[in-house]
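K.L.:
What follows is a single structure, and I will ask about it in a moment.
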Amino acid sequence: MMSVYLHDIPLDVAKERLFSALERIGQAGILDIERIDLNEFAAGRVLAKPVWAKISSPHYHASAMDGFAVRAEDTTGASLNNPMSLNCSDEIISATYVDTGDPLPDWANAVIPIENAEPFDLSGSTSTNPRKPDLIRIRASVTPWSHVRLLGEDMVATQLVLPAGHVLRPVDLGAIAASGHSDILVSRKPRVAIIPTGTELIPIGQEIKKGDIIEFNSQVLAGQINEWGGAALRYDITPDDFVLLCQRVSEAALKNDLILLNAGSSAGSEDYSAKIVETLGELLVHGVAVRPGHPVIVGLIDHQKAQQFYGGKRDLVSSEGKTLIIGVPGYPVSAALTGEIFVEPIIALWLGRQPSELTKVKATLTRKVTSPAGDDDYLRVAVGWVGDKLLAAPLSRGSGVITSLVNADGIAILPRGTQGLPAGAEINVQLYRPVSDLRRTIFAIGSHDVILDLLARYLSGYNRRLTSANVGSMGGLIALKRGEAHFAGSHLLDPETGEYNLSYIHRYLSGVPVKVIAFVGRTQGLMIPKGNPKGIKNLEDLTREDIRYVNRQRGAGTRVLLDYQLGLLGISQDRINGYSQEEYTHLSVAAAITSGRADCGLGIEAAANALELEFIPLFQESYQLIVPDKYYQDALLEPLWKVIGDCEFQREVSQMPGYDISEMGKLVAEVN
């Protein structure tokens, strides 16, 4: 009988069901223990049992220096004015040479470093063999056990060296060897099968055509699992064939500890996965109230039912004959976060270690965010210091935008019941990066330009990270006013003066002294599909009924430029089909045209070129950097000016279409 589907239950309830099920089937701890030789690559493995020292280290009193072993009491009274001689001959020994690490003679309890001993022979001449003289002369006494590594100085036999659950580091292997062990008991790596499904998927490297989706989720999930200490097995892509999928899941259930069934992006794929789980076992969770990633499925595959579908020999059999399965959403961000939220704690449990904990910091939100009231919302953010304020800038919310995780410095979790937060709110951020990285981050908020990516590449050579948020020129000036950026890119045209940025700086940055730096001259024009199928020539054509336009967001310099030019032409915005359709970057506008959502859009030539569109040049503009005085000479931004003045950087920019670098780096104005 089919179980009742469970839709969007709270995250804590979903986790409780998952871990209760593991208790029930006897998998709520270490799965198995194996003995490995220390000569194997053991770093990263987790100790299943504690390591106790079999021997002391060192296991004898050892010389810590090259020198002469002596009885400390025999040196009493030696001084600069009262040098003392000690006999090194075989007949009457009061000093004998030892190398570093040599055991001390039983009669000795100190070492005199060789540089503090003057070697002589019996005739009184300086010895020709300083390591085997007849006598040594000393000019200072030594205390007992000076320059000696005592027995057990590092560890004493029976002492605890490392506890169970410890993740082994290279230095730990040395300590284990020094304590007398040649092998160790570690937790077996959990075997995790990753099954990507979907008829629309194609493997990495295969030629792609419209409708195809490159399958890379399994690569991301496998990387996570291996990093967390598991052993990932990636299966080939399985098409949307119910019987074939049941066979594939059955095979994986009989050979692995956990199955990650990664559903394709087709409609109803999560229900399809749920049907497979119910056919082969027990469905525990179908939908979790978390964004992104709510269509998560959790269940158990019954080995008996799997045997009927597969018929192969079982490699692993739990006490209850069941294997855990998690249905992972198809969108890449959802898939990756599902790994972090659900899979990592399971791997930790099975290895006997503590779950990973990210460093947490408090940061100030740079702009307002909204959140579904019923979900735990995982917000990806860029994080950095601007002055004495740690800021968190929200990144793209799309669950298909894998680059939002690549660019994220951390995750802020907005608990369910939170419908959003205003700009300036304090949030807790779990960091993906070391805290030290945040101090070398340059925050740029403002107008989008593809050159910022090139700038970021050059800055990385100076140990700087450039984090840019594309909120438009106006948004950049407002961010500077609030103290939330080190600089803003802006190209706001004043219709009355024909100047760029200055009137807006006076209006929006009153009381904030800034310097205006020339960056690039840009050509703005209409981006259109190859071949210009609709014969678009100029802005007047935007009023045609058959033309669909895609615009930039309100406050963007490109939007201001368009409105200015429309005003000169006497064209009402209402006459343009698509004027209210907004994108936040030039590349997004180009993508909208490439995909067929629009026929044209105003933007820069470099964006058109990047997506192989045609370009109709219309206007020249000045794209400038607005930098508050307090950051202009800050050491953090020093590499920025070096890069802007670098001939190689300028050469690369000049080779990109639509850019003029003749004024790059010039101080345009100082506004107090």
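K.L.:
If a residue has to be surrounded by fewer than 16 Cβ atoms within 10 Å (Cβ to Cβ) and in a strand (DSSP E or B) to count, how many in the range 138-166 make the cut?
P.N.:
Here the count works out to 1.
K.L.:
Condition (residue is part of a strand (DSSP E or B), basic (Lys, Arg) and either buried (at least 22 other Cβ atoms within 10 Å of the Cβ) or in the same structural domain as Val589 (by TED's automatic domain parsing) (or both)) applied to the range 514-522: is it met by at least one residue?
P.N.:
Scanning the range 514-522, I find at least one residue that is part of a strand (DSSP E or B), basic (Lys, Arg) and either buried (at least 22 other Cβ atoms within 10 Å of the Cβ) or in the same structural domain as Val589 (by TED's automatic domain parsing) (or both), so the answer is yes.
K.L.:
Continuing with the same structure: Determine whether Gly387 is touching a helix residue (DSSP H, G or I) at 6+ places or on another chain (Cβ under 9 Å) and either among the small types (Gly, Ala, Ser) or within 30 Å of Arg45 (Cβ to Cβ) (or both).
P.N.:
Yes.
K.L.:
Inside the range 126-136, can you point out the residues that are assigned to a loop (DSSP other than H, G, I, E, B) and in contact with a Leu (Cβ under 6 Å, 6 or more places away or on another chain)?
P.N.:
Asp134, the sole residue that qualifies.
K.L.:
Still on this structure: Just the residues that are on the phi < 0 side of the Ramachandran plot and touching a helix residue (DSSP H, G or I) at 6+ places or on another chain (Cβ under 9 Å), please, taken from the range 137-152.
P.N.:
Matches in the range 137-152: Ile138, Arg139, Ala140, Ser141, Val142, Thr143, Pro144, Ser146.
K.L.:
Please work out if Asn501 is crowded, with 21+ Cβ neighbours inside 10 Å, within 19 Å of Ser404 (Cα to Cα) and either touching an Asp or Glu at 6+ places or on another chain (Cβ under 8 Å) or not aliphatic (A, V, I, L, M) (or both).
P.N.:
Criteria not met by Asn501.
K.L.:
So, restricting to strands (runs of 3 or more DSSP E) that lie completely within the range 60-110, which ones have at least 1 residues that are polar (S, T, N, Q)?
P.N.:
The strands (runs of 3 or more DSSP E) meeting that bar are 84-87, 95-98.
Every residue, every condition in (1) of a type in the set (D, E, K, R); (2) farther than 18 Å from Val333 by Cα, yes or no:
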site	(1), (2)
Gly174	no, yes
Ala178	no, yes
His181	no, yes
Arg191	yes, yes
Thr197	no, no
Gln224	no, no
Thr238	no, yes
Val243	no, yes
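K.L.:
Which count do you get for residues in the range 336-385 that are buried (at least 23 other Cβ atoms within 10 Å of the Cβ), farther than 23 Å from Asn217 by Cα and either free of Cβ contacts under 8 Å to residues at least 24 places away in the same chain or basic (Lys, Arg) (or both)?
P.N.:
0
K.L.:
Looking at the range 321-370 only, could you name the residues that are of a type in the set (Ser, Thr, Tyr), touching a Pro at 6+ places or on another chain (Cβ under 8 Å) and not in a loop (DSSP other than H, G, I, E, B)?
P.N.:
Ser334, Thr338
K.L.:
Exactly one of (1) within 38 Å of the chain's Cα centre (by Cα); (2) closer than 24 Å to Gln624 by Cα; (3) of a type in the set (A, V, I, L, M, F, W, C); (4) modelled with pLDDT of 90 or more is unmet by Val550. Its number?
P.N.:
(2)
K.L.:
So is Ala444 in contact with a His (Cβ under 8 Å, 6 or more places away or on another chain) and within 23 Å of Gln553 (Cβ to Cβ) or not?
P.N.:
yes
K.L.:
Sticking with this one: State the number of residues belonging to the range 472-492 that are surrounded by fewer than 24 Cβ atoms within 10 Å (Cβ to Cβ) and aliphatic (A, V, I, L, M).
P.N.:
Going through the range 472-492 one residue at a time, the tally reaches 2.
K.L.:
Restricting attention to the range 547-568, which residues are assigned to a helix (DSSP H, G or I) and either of a type in the set (S, T, N, Q) or in contact with a helix residue (DSSP H, G or I) (Cβ under 6 Å, 6 or more places away or on another chain) (or both)?
P.N.:
Gly557, Thr558, Gln565 - these are the residues of the range 547-568 that are assigned to a helix (DSSP H, G or I) and either of a type in the set (S, T, N, Q) or in contact with a helix residue (DSSP H, G or I) (Cβ under 6 Å, 6 or more places away or on another chain) (or both).
K.L.:
A further question follows. From the residues in the range 386-406 that are modelled with pLDDT of 80 or more and buried (at least 17 other Cβ atoms within 10 Å of the Cβ), which one is farthest from the chain's Cα centre (by Cα)?
P.N.:
Val386
K.L.:
Here is a further query. State all residues of the range 209-261 that are over 24 Å from Arg188 (Cβ atoms), within 25 Å of the chain's Cα centre (by Cα) and either buried (at least 23 other Cβ atoms within 10 Å of the Cβ) or of a type in the set (Ser, Thr, Tyr) (or both); if no residue qualifies, say none.
P.N.:
Across the range 209-261, the qualifying residue is only Asn217.
K.L.:
Of all residues being of a type in the set (A, V, I, L, M) and part of a strand (DSSP E or B) in the range 111-125, which is surrounded by the fewest Cβ atoms within 10 Å (Cβ to Cβ)? Just the residue, please.
P.N.:
If we take residues in the range 111-125 being of a type in the set (A, V, I, L, M) and part of a strand (DSSP E or B), then Ala117 is surrounded by the fewest Cβ atoms within 10 Å (Cβ to Cβ).
K.L.:
Could you pull out the residue among Asp134, Asp212, Asp106 that is within 21 Å of Tyr60 (Cβ to Cβ) and either at pLDDT below 95 or of a type in the set (Phe, Trp, Tyr) (or both)?
P.N.:
Asp106
K.L.:
Here is a follow-up. Does any residue in the range 650-672 that is surrounded by fewer than 15 Cβ atoms within 10 Å (Cβ to Cβ) come within less than 9 Å, Cβ to Cβ, of a residue that is part of a strand (DSSP E or B) and among the acidic types (Asp, Glu) six or more places away or on a different chain, and which pairs are these?
P.N.:
Every condition considered, the pairs that remain are Ser654/Asp660.
K.L.:
Follow-up. Name the strands (runs of 3 or more DSSP E) wholly within the range 437-502 that hold at least 2 residues that are among the hydroxyl-bearing types (Ser, Thr, Tyr) and in the same structural domain as Ser622 (by TED's automatic domain parsing)?
P.N.:
465-470
K.L.:
Looking at the range 30-53, can you tell me whether even one residue there is surrounded by fewer than 19 Cβ atoms within 10 Å (Cβ to Cβ), over 30 Å from Leu258 (Cβ atoms), under 58 Å from the mean Cα position of the chain (by Cα) and of a type outside the set (Asp, Glu)?
P.N.:
So far as the range 30-53 goes, yes, one or more of its residues are surrounded by fewer than 19 Cβ atoms within 10 Å (Cβ to Cβ), over 30 Å from Leu258 (Cβ atoms), under 58 Å from the mean Cα position of the chain (by Cα) and of a type outside the set (Asp, Glu).
K.L.:
What about Arg597, is it surrounded by fewer than 18 Cβ atoms within 10 Å (Cβ to Cβ), out of contact with any strand residue (DSSP E or B) (no Cβ under 9 Å at 6 or more places or on another chain) and of a type in the set (Lys, Arg)?
P.N.:
Answer is yes for this residue.
K.L.:
Could you tell me which numbered condition Gln633 fails, if it satisfies all but one of (1) touching a Ser or Thr at 6+ places or on another chain (Cβ under 6 Å); (2) exposed (fewer than 14 other Cβ atoms within 10 Å of the Cβ); (3) of a type outside the set (D, E, K, R)?
P.N.:
(1)
K.L.:
If you take the residues of the range 263-293 that are in a loop (DSSP other than H, G, I, E, B) and in contact with a Ser or Thr (Cβ under 8 Å, 6 or more places away or on another chain), which of them is modelled with the lowest pLDDT?
P.N.:
So, considering only residues that are in a loop (DSSP other than H, G, I, E, B) and in contact with a Ser or Thr (Cβ under 8 Å, 6 or more places away or on another chain), the one modelled with the lowest pLDDT is Ser266.
K.L.:
Could you tell me whether the range 414-422 includes any residue that is of a type in the set (S, T, N, Q), at pLDDT 90 or above and more than 20 Å from Ser334 (Cβ to Cβ)?
P.N.:
Within the range 414-422, not a single residue is of a type in the set (S, T, N, Q), at pLDDT 90 or above and more than 20 Å from Ser334 (Cβ to Cβ).
K.L.:
Kindly indicate which of Pro10, Pro50, Pro58 is of a type outside the set (A, V, I, L, M) and at pLDDT 95 or above.
P.N.:
Pro50
K.L.:
Kindly indicate whether Ala590 is outside any helix (DSSP H, G or I) and crowded, with 16+ Cβ neighbours inside 10 Å.
P.N.:
No; evaluated as a whole, the condition is false for this residue.
K.L.:
Is at least one residue of the range 61-74 outside the structural domain of Pro295 (by TED's automatic domain parsing) and surrounded by fewer than 13 Cβ atoms within 10 Å (Cβ to Cβ)?
P.N.:
So far as the range 61-74 goes, yes, one or more of its residues are outside the structural domain of Pro295 (by TED's automatic domain parsing) and surrounded by fewer than 13 Cβ atoms within 10 Å (Cβ to Cβ).
The values are calculated or read from the model by the stated rules, or taken from the named source; none is laboratory data. All values reported here derive from a predicted model rather than from experimental measurement. For neighbour counting, all protein chains shown are included, and Cβ atoms are generated from backbone atoms with ideal geometry for every residue, glycine included.
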